1. Take Tyr258 and decide whether it is assigned to a helix (DSSP H, G or I), within 23 Å of Thr214 (Cα to Cα) and without any contact (Cβ under 8 Å) to a residue 40 or more places away in the chain.
2. Return the pair list, or none, for Cβ contacts closer than 7 Å from residues in region 203-230 that are under 20 Å from Leu322 (Cβ atoms) to residues that are of a type in the set (S, T, N, Q), at least 6 apart or on different chains.
3. In region 261-274, how many are of a type in the set (Lys, Arg), surrounded by 13 or more Cβ atoms within 10 Å (Cβ to Cβ) and outside any strand (DSSP E or B)?
4. Only one of (1) in contact (Cβ under 8 Å) with a residue 12 or more places away in the chain; (2) surrounded by fewer than 16 Cβ atoms within 10 Å (Cβ to Cβ) fails for Arg78. Which number is that?
5. Find the residue count for region 125-157, including only residues that are part of a helix (DSSP H, G or I) and of a type outside the set (Gly, Ala, Ser).
6. Looking at Ile236, Ile199, Ile254 in this structure, which one is more than 30 Å from the chain's Cα centre (by Cα) and under 24 Å from Ile316 (Cα atoms)?
7. Assess whether Arg329 counts as being touching a Pro at 6+ places or on another chain (Cβ under 9 Å), closer than 18 Å to Thr153 by Cα and not aliphatic (A, V, I, L, M).
8. Kindly indicate whether any position in region 293-308 is in a loop (DSSP other than H, G, I, E, B) and modelled with pLDDT of 95 or more.
Amino acid sequence: MSQRRRLPNSLRWRAVGWMEMGLAQADVARRLNVSRSVVQRLWDQYQSEDSVSRRPVPGRPRATTPAENRFLALSARRRRTTTVPQLVADYFQASGRRISATTVRNRLHNAGLYARRPVVCVPLNGRQRRNRLCWAREHVSWTQQQWASVLFTDESRFTMESDSGRLLIWREQRTRYHQSNTVERHSYRGGGILVWAGISLGGHTDLHVFHGGTVTGLRYRDEILDPYVCPYAAAIGNDFILMDDNARPHRARIVEEYLEDHGLERMKKPARSPHLNPIEHLWDYLGREFAALNPPPRSLHELKQGLLCVWSSLPIPVSDNLINSMGNRCRQCIQVRGGHIPY
């Protein structure tokens, strides 16, 4: 008995050629080791369609229509933080039919939407956006020599445990920094230890750890300005400029008087603009390098020693590359009219 099997197109055309040469269908079936009915259908198809290729076989109907696919994609775009189970429920409420979570994911992927972590940014109001835009326009034409006179400083808090919360949004590829794909969140997390540092082209200060208590204007003057900033300014020269943020201790009267008495110029940085200070990204680098330490710290003392060790081995090109990006940061800020930029 002949074994039932599918014939490739090459054998199908060969069978037709044999029959056109006068070979009987039974002989053709015997040569191909198929039943005569297969050869008969093959010949009938050739006579009616002038082709012997396999006809497309319709599969199972899709669970959703094109209009329903657009509904799912539009729902995900309008509510970027919605989850797949929520979309399944929305679809059931709108259509009265149930579909699987896998179907929803596939439809979103077909629409170019993928679950990704959103960019977390600080909230911005209209006035803050205008101030950021003005600052960017003022500094967009600065040369590398001008940026070389700036000491970029900042504080950061490190804790024993990192933030493990994960929030996913639906977005298209290469739209990570689109305004609708960002989530605003205040930066204070609490706990751990507070550190300070400064960077400039070609160098950086030591890492300073604040030991207990609240950082006041007096502590900022005695622990930061006097032992770190003032000697650094002397090394850079008369063009020295200090960049810090608008934290209350930095704007205390005792700090303003100290800067004025020592002839230190301060750059006015717009509020809520961490990505306009390149040292902010250095904290991310420091955190990644610190997280790779083995064994991990088990006490605040080990946390402090680990941070000091990682900072002391910081490659200068890492901080230089961040400072050299200031021109592009200003251009990006102008392009988005003072909004969040992809840094």
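The values are calculated or read from the model by the stated rules, or taken from the named source; none is laboratory data. Worth saying up front: this structure is predicted, and the values here are computed from it rather than measured. Glycine also receives a Cβ, built like all others from the backbone with ideal geometry; neighbour counts cover every protein chain displayed.
1. For Tyr258, the condition - assigned to a helix (DSSP H, G or I), within 23 Å of Thr214 (Cα to Cα) and without any contact (Cβ under 8 Å) to a residue 40 or more places away in the chain - is met.
2. Qualifying pairs under 7 Å: His204/Ser319; Tyr228/Thr205.
3. The number of residues fulfilling the criteria is 2.
4. Only one criterion is unmet by Arg78, namely (1).
5. 16
6. When all the criteria are applied, what remains is Ile236.
7. yes
8. no
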